[in-house]
Amino acid sequence: MDREQSQPQPTSPGALAPHEALIARALQTAIANKTISVHFQPIIRLSDGSIDGFEALARWRHSEQGDIPPDIFVPIAEATGQIVALGLLVLEQALEEARAWPRDVSLSVNVSPRQIAQPHHATEMLALILKSGIAPHRLHLEVTEGLLLEPDQATLHFLSRMRREGVSFALDDFGTGYSSLAYLDQFPFARIKLDKAFAQRSANAGRSAAIRKAVSDLAAALDMDVIAEGLETASQVADAVAAGCEFGQGYFFSRPVPAAMVRELLAHQFGMDALPLVEAR
Ligand code: C2E
Ligand code: MG
Ligand code: MG
Ligand code: MG
């Protein structure tokens, strides 16, 4: 296949709404200057409340407009193709931080379908992983959306190559429009992230509980673990435990925090001695 043809076609900034084109231009500068930062949110083992790992979440503080949330800039970066450079920047920073964590603490990073469809993306990501010295089996890539229903060659190559190297995959936002049962049939995810919509108790608590339980049973049958997302209250945690979810994530445990605070959380759980001394690069 002609390599040029399989490249995602970037939308030119001109095809975006004016305010989106402005954001895309500012984002270009932010990526080039590496002023995108990463926060981390703990993923908790519900059996004992311990930290399994952290999800890296991109953060962008614009000099004039203040914090711009990923729900705004990630879709724009996907439309323009900037998500490829952004994703590598986030991965690089997250891996660098993870070097300061105990060896059994995992790292989850979001990747968009647009990144994965990029030829040679696996090679670029693996180069960063190798450079960091982080064992690939500590890395979980979180994916959503139209990734696998009609996978192209580049996508299939990416998935099998990364899995061969020991990287595992989580299906993000499960139960929402884009992450459906069809995906589970197509690809062996290690984890399902049950969307935060299912953490809330609906008017009929029995129905919500039945849905959580059904997803958890399905995951068990397919040898996958479930992470309940968006747990904000003790009763939501109790509901996730009752459904049989292995892991939980949400404001009840911690908001996404800067890297320095991650080390405090880990020192609290593991003791200072467990933290590797990481020399500055
Ligand atoms: P996600 O991957 O599903 O990440 C979880 C989102 O839920 C995060 O929002 C997190 O801050 C938020 N959250 C966590 N706990 C709670 C809770 O208890 N209640 C509520 N209401 N929200 C909670 P954030 O950081 O704004 O990110 C939004 C989305 O942007 C992410 O959803 C992900 O899809 C995307 N994103 C963020 N960083 C990246 C990145 O580096 N690459 C890519 N491709 N996407 C990213
Ligand atoms: Mg995620
Ligand atoms: Mg999610
Ligand atoms: Mg999401």
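Sorted largest first by accessible area at a 1.4 angstrom probe radius, with every protein chain in place, the residues Asp185, Asp195 fall in the order Asp185, Asp195. Here the spin labels are modelled as points 7 Å beyond Cα on the Cα-Cβ line, and at Ala242 and Lys213 they lie 0.9 nm apart. Asp217 sits with roughly 80 Å² accessible to a 1.4 Å probe, with DNA, RNA and ligands left out of the calculation. So what is the relative contact order for region 149-238, in percent, with contacts set as C-alpha pairs under 8 Å and at least six apart? About 27 percent, as a whole number. Sorted largest first, the spans of the alpha carbon positions of region 55-169 along the three principal axes are 43, 38, 19 Å.
Computed over region 197-281, the P(r) tail beyond 16 angstrom holds 61 percent of alpha carbon pairs.
Just to confirm a number: summing +1 for Lys and Arg and -1 for Asp and Glu over residues other than Gly250 whose beta-carbon lies under 10 angstrom from that of Gly250, what do you get?
Once all neighbours under 10 Å are counted, the net charge is 0.
Summed over qualifying helices (DSSP H, 4 residues or more, each -39500 (n - 2.57)) and divided by its residue number, the chain shows a 222 nm mean residue ellipticity of -13000 deg cm²/dmol.
Ordered by 1.4 Å accessible area with all protein chains kept, Thr123, Thr176 run largest first as Thr123, Thr176.
Under the convention that each Lys and Arg Cβ holds +1 and each Asp and Glu Cβ holds -1, the size of the dipole of the chain around its Cα centre is about 280 debye. With Cα atoms defining each centre, region 109-167 and region 12-64 are spaced 18 Å apart in the structure. Taking 0.36 nm per residue of sequence separation and removing the Cα-Cα distance, the Ser47/Ala234 pair yields an extension gain of 65.9 nm.
Normalised Debye scattering of the chain at q = 0.08, 0.14, 0.15, 0.17 Å⁻¹ gives log10 I(q)/I(0) of -0.34, -1.09, -1.24, -1.51, counting only Cα atoms as equal scatterers and leaving out solvent. Taking every pair of Cα atoms in region 109-216, average 1/r, invert it to obtain the Kirkwood radius, and report Rg/Rh to two decimals. Here Rg/Rh amounts to 1.04.
Please give the FRET efficiency for His268 paired with Ala17, using the beta carbon to beta carbon distance and R0 = 41 Å, rounded to the nearest 0.05. The computed FRET efficiency comes out at 0.35. Normalised by the number of residues in the chain, the average gap of Cα pairs under 8 Å and 6 or more apart makes the relative contact order 19 percent. So if R0 is 30 Å, what FRET efficiency would Arg25 and Arg99 give, r being the distance between their Cβ atoms, rounded to the nearest 0.05? Plugging the Cβ-Cβ distance into 1/(1 + (r/R0)^6) gives 0.35.
Cut-off under 13 Å on the C-alpha distance; same-chain residues fewer than 8 positions from Lys196 excluded. Which aspartates and glutamates are left, in chain and number order? Correct list for Lys196: Asp172, Asp173, Glu229, Glu232, Asp239.
Projecting the Cα atoms of Ala197, Leu89, Trp101 onto the dipole axis of the chain, where Lys and Arg carry +1 and Asp and Glu carry -1 at the beta carbon, places Trp101 farthest toward the positive end. Simple spin-label estimate for Leu277 and Asp223 gives 4.2 nm between the two label positions (7 Å along the Cα-to-Cβ direction from each Cα). The alpha-carbon of Lys131 sits under 26 angstrom from the alpha-carbons of these lysines, leaving out residues fewer than 8 places away in its chain: Lys34.
Between Glu142, Glu264, Glu97, the Gaussian network model of the chain with springs among Cα atoms under 10 angstrom shows the greatest mean-square fluctuation at Glu264.
When the Gaussian network model of the chain links Cα atoms closer than 10 Å, the mean-square fluctuations of Gly248, Gly206, Gly166 top out at Gly206. Among Ala77, Ala85, Ala98, the largest mean-square fluctuation in a Gaussian network model of the chain (Cα springs under 10 Å) belongs to Ala85.
Counting only heavy atoms of protein chains, what accessible area per residue, in Å², does region 88-162 have with a probe of 1.4 Å?
On the way: 2870 Å² over 75 residues.
Per-residue value: 38 Å².
Here Lys193 is the anchor, and the lysines within straight C-alpha reach of less than 19 Å, apart from those fewer than 8 places off in the same chain, are Lys213. Computed from label points 7 Å out along Cα-Cβ, the spacing between Gln186 and Arg201 is 3.7 nm. Expressed as a whole percent, the accessible area of region 24-163 that falls on carbon and sulfur atoms is 52 (1.4 Å probe).
The values are calculated or read from the model by the stated rules, or taken from the named source; none is laboratory data. All values reported here derive from a predicted model rather than from experimental measurement. Using ideal geometry, Cβ is built from the backbone for each residue, glycine included, and neighbour counts are taken over all protein chains shown. Remember, those area values only see protein heavy atoms, side chains included, never the ligands or the DNA or RNA. Shrake-Rupley method; radii C 1.70, N 1.55, O 1.52, S 1.80 Å.
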